[in-house]
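Each remark here refers to the structure printed beneath this line.
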Amino acid sequence: MTDPWTHLAVGILLPPFFGALVAALFPDRRRNGAWLAAVVSSGLTFAASLGGLAYAVIEGPVRYHLGGWQPPMGIELVMDPLAAFFCAVVTGMTFFVFIHGRSVVERETPHKAVPFYSAALLLLGGLLGIVLTGDLFNLYVFLEISSLAGYALVAIGDRRAPVSAFRYLILGTIGASFYLLGVAFLFMETGSLNMNDVAEVVPVMGESPATLAGLVLIVLGIGLKMALFPMHGWLSDAYTYATSTATAIIAPIGTKVAAYVLIRTCFHMFDPEFVRAEIPLADILGYLGAAGIVWGSIMAIAQNDLKRMLAFSSVSQVGYIALGVGLASPYGLIGAVLHTLNHAVMKACLFLVNTNLHQRLGHTRIDRLDRTTRIRMPWTMAAFTVAAISMIGLPPTAGFFSKWYLVLGSWEQANYVFLGVIVISSLLNVVYFFRVLEKVYLRSDGEAYDDASEREDAGVRREEVRASMLFPTLFLGASLLVLGLANAYIVIHVIRPMIPAGL
Amino acid sequence: MIELLHDYYAYWAIMLLLVIGLYGMLIKKNLMKKVIGMVIFQNSIILLFVAAAFKWDATVPVLDAAHPTENVANYLNPLPHTLMLTAIVVGVAIVGVAFALLIAIYRNFGTLEEPELMERMRGE
Amino acid sequence: MPIAETYSSSIPFWALVVSLLATPFILWSSRRPNLREFWTLLAAVIKFALVLTLLPGVREGRVAEFVLLEIAEGIELSLRADAFGVFFAVIASGLWILTSFYSIGYMRGHHEKKQTRYFASFAVSLSATIGIAFSGNLLTFIIFYEMLTLATYPLVVHSENREAIRAGRQYLAYALTAGLLLVAGAGWIYQMTGTLDFTPGGVLEEGMLSASGMRVLFFMLLIGVAVKGGIMPLHSWLPAAMVAPTPVSALLHAVAVVKSGVFGVVRMVGFVFGPEVMGAYGLSTILAVFAGITIVLASLIALRQNNLKRRLAYSTVAHLSYIALGAALLNADGFTGGILHISTHATMKITLFFCAGAIIVHLHRENVTDLDGAGRAMPWTFTAFAIGAMGLTGLPPINGFLSKWFLCMGSLDAGAWAVLGVLLLSGLLNAAYLFPVVYRGFFCFSNQFEGKGEASPFMVVPLTITAVLSIVFCLFPNVLFGLFDLASAVADSVLGTH
């Protein structure tokens, strides 16, 4: 008799799909029901993910055979600490964004609310499927489910949104197709689609050109989905023209799951030695990540729209994860996984701030922000400040510690390029975040703060966003501090068990 | 060389399709032509699976007295073909979404030519 | 000296967080200035009292230790109140009380805006400073070091005009780059030794790295701490930061922040690299050369400054390097002198800044050449200024003489004649840029300040106290807090001598 808790593996997966169906049933005038379905189902799956994470950490990995079919015939779900961790990150962020999103969706796209929530839940379900599945082709299907939902979400936006969604679709399809092509090669060589099987067969077969080609194609395809430099072109437009809530849902989690696939493929399915030695794939990943870090930061500095700036900053932050994977060492993996969590929380918080600003000011142009913004929305800006400090990577916020492990990993391999990139990018982050902070906290016209400005400030009324929006923003901001202080606990108890034996 | 071409002609054809599809997606300026390229690209991968699963002198895995089951080599591996059914469905769904987006784009901007589109978007 | 006996105590932690806890109260009572200042003063007094309770233990050679939590895998957020830390904490928290009184007079007299933000940042800065003083390992040090950078940024940009914002940017650019170098260097050390604990005598050993590698590591850490310590060529944020209100310049830019920097230098020299490594790889010479050049050049530049606060800022730059120079001598007298100079320079320079602030608020003069006859209007202030000036020059019976004496002894011990020369030359230069202020105040006759009396007692009393303290600490170096014993105990622990 199997332990009933192992059913959590499928328990994570069911609520979003079921919720998507339920949400779609509501008529437009009852769209609050769709919202409720989204919140409840994402909350349930969040709880299930946390439970699954606890189970996987304490009891060890769960291999769940769907319908009782043994692999390689049947599809298996793998809930090990790594997968459960990513599930928890993904579902947690979505949950908070859903709570936050009701009034935003109501304001921005009221009559598309029902399909919006339905598509968002499908996206969530697809991403969770990618994380949990132990089957290569099943992963492709989930990849396309999440992508299709993602295209639809991005397309619900302003007039330009369909164009960016179309571009996203073309590039996303190329990425997914490359992945499928890679799977074809692996399948031809190993005769199995089960990741575990493949992992066992590959060392016996020895390396063959087809296996290598398969690995490279998979990494290429996933790199595109992950917006790894130089394949990041689709990301900035897609994030910018989508609605605020759609961006807040996709940005923190979309690229992370692709990063997860990268970690799975490079370290679990293949021997890390293989990835590192036969072809310098890990190095290539690391250097592309490093280039992305610098390039994304520079582009972020050049932007005037807050949302677009955050989009480019995502390109740069994804680079950190790729860099950690590229180090192909325990510290690198710790840094990458920890940064996935930290960046998801930071980005979710920042995009929620962006949404709050849009709600109250009607725009998110940096040159039009001034200190009245802060007086009108002090708590929102406080959350922004904490998240910005964390993005820069100053202790004791969470962002510092992922960088710390990456620094340790770079030293371990004496990779001075990575080290330099980490240092430089933090400084570039300072530039684009303090540009905003200076504007909202200080008088920006070059004159001293005097009696006149004090009178001016006294005339500005506080108009913070409603509690349902403020609470998730502040909660995520505060959790950055908690995550920072608790990082050792997370690393030792959750991330250490994820490290594959070969590293 | 001739042998290589002859023995693997199916793969060469698939590769050609792959390249044509990629070319269409990345280089063509018309969005509809991009979709056409995308379909060619996806189908070339489906064909690759199908071609890889094919064997001379083997038959579909349906029990047949003429092909004794002791000799498994007589049967094709059915898995890739069934997988490709799923992949075709996925492909159709993508084309559907792509068409929906194209209609929305045409409604908003009145063109599907990328350079014109860029110009009109910049005017926003 | 044997390994110090440690005992577990949460006092260092409470001494650290008391001002952090006061911050919400300060922000909350922004509309009631009296209540707000009450919180500041209350926190300052409690903090000082808590630090003082650590003194007896330290004087018996016992170290209070408090481990908060594991902050990164294998590294704890630990607070260790050893002799050096307590020494620095006593000075910083003691002077905070005086500065808080002075701030009240200054900020109200000057009709400063945004006083709530000012007092809140100040409280956080003090927490960070105590954190730096009590850091038990390099990562903890870095955490509080970055916290200090962020907490002082609002103080630098306080007036929010173009000049202040530019100074703020410069400050951030310098301090954050430095912080990142520290992080990178800490990563390297952790990679090599597996520990980041501050250990008397150092954690690095000869042969761990090639000579050039060791130098690179030294430069990374040195630059990291030297930016806040104002060692040339990394000093230029400090004069620029003088646009901040004067109490900030007085406590933070003469005591807490900049001393955190040189405190870090001494920590690196004595507790990370250790005297042997410093000597074996010629690192101490590098440090001494930079410090010596800074002392002379900064004094020369100070001569040319007409703005009184900027003149004092360059003087601070010069005097901070005294401390680094003392550490670079690697002998007992040098170390003792350098560490003593942390306290002596603190009382003297804070006196001078308090005087400058009183002059700005009361007479609305910022330039040295406008001060003719000011001493007759403000005799207390100018007398205090004269005491501070004499002390910086190194004349007895002001405490500056004491630290300089030990520094000279140390340089003789080490046979470093160049260092001795630098110290004596700098004494002359100090006289040359400080005494004209006193001279103009008392002896140049002008009736421009007729009818002006002394400044508000909130300002005059603190500056008188610091001036008196400067004298007391010279005549009775051990009388109040046993600072001299502490300084020589630190030197002994680092050098392993008695």
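The values are calculated or read from the model by the stated rules, or taken from the named source; none is laboratory data. Source: prediction; values computed, not measured. No Cβ is skipped: glycine too gets one built from the backbone with ideal geometry, and neighbour counts run over all protein chains shown.
Within the range A:407-420, is there a residue that is more than 24 Å from the chain's Cα centre (by Cα), more than 26 Å from A:A328 (Cα to Cα), at the interface with chain C (Cβ under 7 Å from one of its Cβ atoms) and part of a helix (DSSP H, G or I)? Within the range A:407-420, not a single residue is more than 24 Å from the chain's Cα centre (by Cα), more than 26 Å from A:A328 (Cα to Cα), at the interface with chain C (Cβ under 7 Å from one of its Cβ atoms) and part of a helix (DSSP H, G or I).
Residues in the range A:122-155 that are free of Cβ contacts under 8 Å to residues at least 40 places away in the same chain and either more than 10 Å from chain B (Cβ to nearest Cβ) or of a type in the set (D, E, K, R) (or both): A:G126, A:F142, A:E144. If you go through the range A:456-474 one residue at a time, do you hit one that is hydroxyl-bearing (S, T, Y) and within 13 Å of another protein chain (Cβ to nearest Cβ)? No - not one qualifying residue is present in the range A:456-474.
Here C:A240, C:A244 are screened, and the one residue that is over 12 Å from the mean Cα position of the chain (by Cα), surrounded by fewer than 24 Cβ atoms within 10 Å (Cβ to Cβ) and of a type outside the set (S, T, Y) is C:A240.
Scanning the range B:78-105 for residues that are closer than 30 Å to A:E189 by Cα, more than 8 Å from chain A (Cβ to nearest Cβ) and either of a type in the set (S, T, N, Q) or in a helix (DSSP H, G or I) (or both) yields B:H81, B:T82, B:M84, B:L85, B:I88, B:V89, B:G91, B:V92.
Picking from residues in the range A:357-395 that are touching a strand residue (DSSP E or B) at 6+ places or on another chain (Cβ under 9 Å) and surrounded by 21 or more Cβ atoms within 10 Å (Cβ to Cβ), the one that is farthest from the other protein chains (Cβ to nearest Cβ) is A:T364. Only residues that are in a helix (DSSP H, G or I), more than 19 Å from the chain's Cα centre (by Cα) and more than 19 Å from C:P275 (Cβ to Cβ) were counted in the range C:472-498, giving 3. For the range C:236-265, which positions are modelled with pLDDT of 85 or more and more than 15 Å from C:A89 (Cα to Cα)? Matches in the range C:236-265: C:V265 only. With respect to the conditions (1) β-branched (V, I, T); (2) out of contact with any helix residue (DSSP H, G or I) (no Cβ under 9 Å at 6 or more places or on another chain); (3) part of a helix (DSSP H, G or I), C:V51 falls short on a single one, namely (2). Note on the range B:6-23: among residues that are assigned to a helix (DSSP H, G or I), hydroxyl-bearing (S, T, Y) and more than 13 Å from B:K34 (Cα to Cα), the one that is modelled with the highest pLDDT is B:Y11. Checked against the criterion of being surrounded by fewer than 17 Cβ atoms within 10 Å (Cβ to Cβ), touching a His at 6+ places or on another chain (Cβ under 8 Å) and free of Cβ contacts under 8 Å to residues at least 60 places away in the same chain, the candidates A:G51, A:G74, A:G68 yield just one match: A:G74. Being under 20 Å from C:L425 (Cα atoms) and in contact with a Phe, Trp or Tyr (Cβ under 8 Å, 6 or more places away or on another chain) narrows it down to one of C:A389, C:A374, so name that one. After ruling out the rest, the residue left standing is C:A389. Can you find even one residue in the range A:463-485 that is closer than 27 Å to C:E160 by Cα, outside any helix (DSSP H, G or I) and more than 23 Å from the chain's Cα centre (by Cα)? So far as the range A:463-485 goes, yes, one or more of its residues are closer than 27 Å to C:E160 by Cα, outside any helix (DSSP H, G or I) and more than 23 Å from the chain's Cα centre (by Cα). From the list C:G415, C:G388, the one residue that fits, being out of contact with any Gly (no Cβ under 8 Å at 6 or more places or on another chain) and either closer than 19 Å to C:N478 by Cα or free of Cβ contacts under 8 Å to residues at least 12 places away in the same chain (or both), is C:G415.
Going by the conditions given, is A:S444 buried (at least 22 other Cβ atoms within 10 Å of the Cβ) and either of a type in the set (F, W, Y) or within 12 Å of chain C (Cβ to nearest Cβ) (or both)? So A:S444 does not fit the description; no. One residue stands out in the range A:483-497 among those that are under 17 Å from A:H343 (Cβ atoms) and touching a residue at least 24 places away in the same chain (Cβ under 8 Å): the one that is nearest to the other protein chains (Cβ to nearest Cβ), namely A:V491.
Given A:E76, A:E144, A:E59, which one is over 24 Å from B:V90 (Cα atoms) and among the charged types (D, E, K, R)? Answer to the selection: A:E59. For the range C:213-229, indicate whether the set of residues that are over 28 Å from A:K403 (Cβ atoms), of a type outside the set (K, R) and more than 14 Å from every other protein chain (Cβ to nearest Cβ) is non-empty. Checked against the condition, which is being over 28 Å from A:K403 (Cβ atoms), of a type outside the set (K, R) and more than 14 Å from every other protein chain (Cβ to nearest Cβ), the range C:213-229 yields no hits at all. Against the test of being closer than 20 Å to C:L303 by Cβ and buried (at least 21 other Cβ atoms within 10 Å of the Cβ), the options C:I359, C:I387 yield a single qualifying residue, C:I359.
Count of the range C:1-42 residues, restricted to those that are surrounded by 13 or more Cβ atoms within 10 Å (Cβ to Cβ) and either in a helix (DSSP H, G or I) or in contact with a helix residue (DSSP H, G or I) (Cβ under 6 Å, 6 or more places away or on another chain) (or both), is 29.
C:L469 - would you say it is touching a helix residue (DSSP H, G or I) at 6+ places or on another chain (Cβ under 7 Å), surrounded by fewer than 19 Cβ atoms within 10 Å (Cβ to Cβ) and closer than 21 Å to C:L340 by Cβ? No, not satisfied.
Counting only helices (runs of 4 or more DSSP H) that sit completely within the range A:156-272, those holding 3 or more residues that are over 30 Å from A:V97 (Cα atoms) and more than 14 Å from chain B (Cβ to nearest Cβ) correspond to A:195-205, A:209-226. Does C:T344 satisfy being touching a Leu at 6+ places or on another chain (Cβ under 9 Å), at pLDDT 85 or above and of a type outside the set (F, W, Y)? Taking the combined requirement at face value, the residue satisfies it. Would a scan of the range C:371-387 turn up a residue that is part of a helix (DSSP H, G or I), within 16 Å of the chain's Cα centre (by Cα) and either of a type outside the set (V, I, T) or farther than 22 Å from C:I91 by Cβ (or both)? No; the residues of the range C:371-387 include none that is part of a helix (DSSP H, G or I), within 16 Å of the chain's Cα centre (by Cα) and either of a type outside the set (V, I, T) or farther than 22 Å from C:I91 by Cβ (or both).
When each of C:A151, C:A173, C:A164 is tested for being small (G, A, S), out of contact with any strand residue (DSSP E or B) (no Cβ under 8 Å at 6 or more places or on another chain) and more than 8 Å from chain A (Cβ to nearest Cβ), the lone residue that passes is C:A151.
Residue count for the range C:192-237 under the criterion of being in a helix (DSSP H, G or I), of a type in the set (D, E, K, R) and within 23 Å of the chain's Cα centre (by Cα): the result is 1. Against the numbered list (1) at pLDDT below 90; (2) surrounded by fewer than 23 Cβ atoms within 10 Å (Cβ to Cβ), A:I253 comes up short only at (2). Taking the range B:106-124 as the search range and keeping residues that are surrounded by 15 or more Cβ atoms within 10 Å (Cβ to Cβ) and within 10 Å of chain A (Cβ to nearest Cβ), which one is nearest to B:I27 (Cα to Cα)? This residue is B:E114.
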